[in-house]
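K.L.:
So that we are looking at the same thing, I have put the structure below in structure tokens.
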Amino acid sequence: METDLRLESSLWIGNKRYRAVLTGWHLKWTEADKKNGDKKTVSVPVAEVVGVENGRVEILPQKSVEDTDKDFTVFYVKRSRSRSTYGLLWSLGRTQFSCPSRVLRDQWTNHLRTALKTHSPLRPHRLLVFINPFGGKKKGREIYHSLVAPLFELAGISSHVIVTERANQARDHLLKKDLTGFDGVVCVGGDGMFSEILHGLIGRTQQEAGLCETDPAVTLQPCPLHIGIIPAGSTDCVCYATVGVIDPVTSALHIIIGDSQPLDVCSVHHASTLVRYSVSLVGYGFYGDVLAESEKHRWMGPLRYDYSGTVVYLSNRSYAGIVQYLPADPLLSSPRDKTRCLSGCNVCSRSTERLFPHTSDSGSLYSSHFSQYSNDSEGEWVSVEGRFRCVSLTCMSSSCARSPLGLSPSAHLADGTGDLILVWDTHPLSFLKFLYRHTSTQDQFDLPFVEVHRVKAVRFSLPDGREEEAHEEIGELNCARGGEEREYVDTVSRNGSQQQLAQRVVERETKNEHKTVAPILCGLCCKKTPAVSVWNCDGEILPFTEIFCRIHGQLVRLYARGIEDGAAMQNCSQESDKNKSRCITYK
Ligand SMILES: CCCCCCCCCCCCC/C=C/[C@@H](O)[C@H](COP(=O)(O)O)NC(=O)CCCCC
Ligand SMILES: Nc1ncnc2c1ncn2[C@@H]1O[C@H](COP(=O)(O)OP(=O)(O)O)[C@@H](O)[C@H]1O
Ligand SMILES: [Ca+2]
């Protein structure tokens, strides 16, 4: 294979002559007429070639083609450091080569195209794209059409684009419509839009596998379609934590080259129903209150979270609760080990072997049926009770612009665990110190009122009598919320005979839950301290207070590769040829 694809010749870039070599893994070109010491080689991994075009071609800002018969243009991934974040920005690199003859030009373009097919098996050919026109600063459509679509076209990807007209349209489409022929689904929007895609794809996969999502003990089937995220939302935490930057072009390039990043997913249950899935934050107390408050100020756009954060902080609340958790194996990793989950993370790679022991590579992952949960010996549940400022569970670091290292800086994207952060009631200034540390590199867990545990499952309940108290409060406040939660849970609980049972329970519980969700929504405006908070589940308010959460290791795959370590990329020159496909020099 390697020898078949090898091609070497002199080529010109402008008026300089280069020695160009295509091996199986790399396209390299070195200035030919310089002394050995001054010779610079540019090396582009074949896996990072975006497209090859005949002639002298430009794509951005506008497409232009000069159809000469001895020239060809190669487009590839180019890296640069981001000034504000830890990840690397990707942009479209372009080099125009001239050949001595048309025959040689055709040989180069044919070899390059064959090499692309051979070395990038996960590159998508056909994508289903959902654009939320109202996410973030309402620029989703513009971002897609001006920055992303031209790149997809260059890479030969055909896309079916749907601009959503209502919430949950993308989720419902994925649950019901024919998805044959699509390699992946792309969402242009924020974490809420990603969550729709997540629910649609997980639900569809379980439906087709005949599995019951409502049962927390069931081993769910990983989704066969990859998810791409073009960030155009308010927090964009999933994109930030898996790519390291919020940049539509970087994300589009990860999609084009078919990068693949597995992701843990947390299922949230109440009684015998599945309530929602989460990948970033399941948060009670402060984060729930901020979300509830922020919904009233959507018109502010992304700033609504800063405003609501301040309002909720000033309201100085804490809540009683019982938290039970099932610790993960402490020998594998720890949330205090000061490591970071970066591209090619060893902890996550070892987890793949542990979670899917019968598969030798990720390509065949989806064809086998496995039981990751029953492989783990369950271990001992731990229970704590008291008053909390907040209780948060996150499957990943949940880094975002507000918190560049995230809620749990050492959490892993794909290790089958989540980090449970317990912030006990404390003085308002101490809590402010905790919050403030999220914005810097200071350790937010190094405070006496904060605990963090790496876990496989969590249960939250209210102390005896607390739920009744909450119900009485709502009677006084008379401020009930509409029935949209019931509509949602009905559509996710849909498996066979268990479906009707789950649905009945949900309807009954939801009637009560309007009583428990409403106090916080009203409490903020009525200045009355409510007895309970609400759960923020990736930006959605949950209709239940008492929940059970379980982490499902590597349930979905994103077109991403984790955060690239800028410093390490510089030291790639000693790498073996195969590993070098992950390394390239950046400016
Ligand atoms: C004194 C400075 C205080 C700074 C506190 C910073 C802590 C920030 C941690 C943020 C974690 C975010 C986890 C992700 C949540 C999103 O799913 C959710 C919905 O996002 P979107 O769909 O884009 O609207 N965002 C939030 O819940 C916002 C939380 C903001 C809390 C201040
Ligand atoms: N056309 C639409 N009209 C109204 N809401 C929508 C539409 N499309 C998607 N949504 C919903 O909007 C919510 C927020 O979207 P998102 O893209 O995450 O933006 P943001 O990050 O600003 O919250 C999501 O929960 C999604 O379900
Ligand atoms: Ca994890």
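Here, each number is a calculation from the coordinates, and none is a lab measurement. Remember, predicted model here, so these are calculated numbers, not experimental data. As a convention, Cβ positions derive from the backbone with ideal geometry for all residues, glycine included, and neighbour counts pool all protein chains shown.
K.L.:
List the GluC sites (Glu not before Pro) within region 87-193 that fall in a DSSP loop (any state other than H, G, I, E or B) and whose Cβ has at most 16 other Cβ atoms within 10 Å.
P.N.:
Those satisfying the criteria are Glu165.
K.L.:
Please express the Cα-Cα pair-distance distribution P(r) of region 93-250 as a list of whole percents, one per 10 Å bin, running from 0 to the bin with the greatest distance.
P.N.:
Percent of Cα pairs in each bin: 10, 33, 31, 17, 8, 2, 0.
K.L.:
What is the gain in length, in nm to one decimal, between Asp337 and Ser9 on full extension, counting 0.36 nm per residue of separation less the C-alpha to C-alpha distance?
P.N.:
Length gained, Asp337 through Ser9: 113.1 nm.
K.L.:
Here is a further query. Please report how far the C-alpha centroid of region 153-191 lies from that of region 317-339, rounded to the nearest whole angstrom.
P.N.:
Distance between centres, Cα-based: 36 Å.
K.L.:
For the pairs Lys16/Lys40; Lys78/Lys138; Lys40/Lys78; Lys16/Lys70; Lys139/Lys177; Lys40/Lys117, flag any whose C-alpha to C-alpha distance is greater than 19 Å.
P.N.:
Cα-Cα > 19 Å for Lys78/Lys138; Lys139/Lys177; Lys40/Lys117; rest within.
K.L.:
Return the subset of Lys28/Lys338; Lys35/Lys63; Lys338/Lys456; Lys137/Lys296 for which the Cα-Cα distance in this structure is over 27 Å, preserving the input order.
P.N.:
Lys28/Lys338; Lys35/Lys63
K.L.:
Something else: What is the distance in Å between the Cα centres of region 407-421 and region 83-116?
P.N.:
Here the two parts' Cα centres lie 38 Å apart.
K.L.:
List, in order, the whole-Hz ³J(HN,Hα) value for each residue of region 164-173 obtained from phi through the Karplus relation with A = 6.51, B = -1.76, C = 1.60 and θ = phi - 60°; use x for Gly and Pro.
P.N.:
With the stated coefficients, region 164-173 comes to 6, 10, 7, 5, 6, 5, 5, 4, 5, 4 Hz.
K.L.:
Would you be so kind as to identify which of Val161, Val148, Val186 lies farthest towards the positive end of the dipole of region 83-190, taking Lys and Arg as +1 and Asp and Glu as -1 on Cβ and the Cα centre as origin?
P.N.:
With unit charges placed on the Cβ atoms, the residue in question is Val148.
K.L.:
Kindly write out, for region 542-552 in residue order, the coupling ³J(HN,Hα) from the Karplus curve 6.51 cos²θ - 1.76 cosθ + 1.60 (θ = phi - 60°), rounded to whole Hz, with x marking Gly and Pro.
P.N.:
Karplus values, whole Hz, x for Gly and Pro: 7, x, 10, 9, 8, 9, 10, 10, 9, 8, 10.
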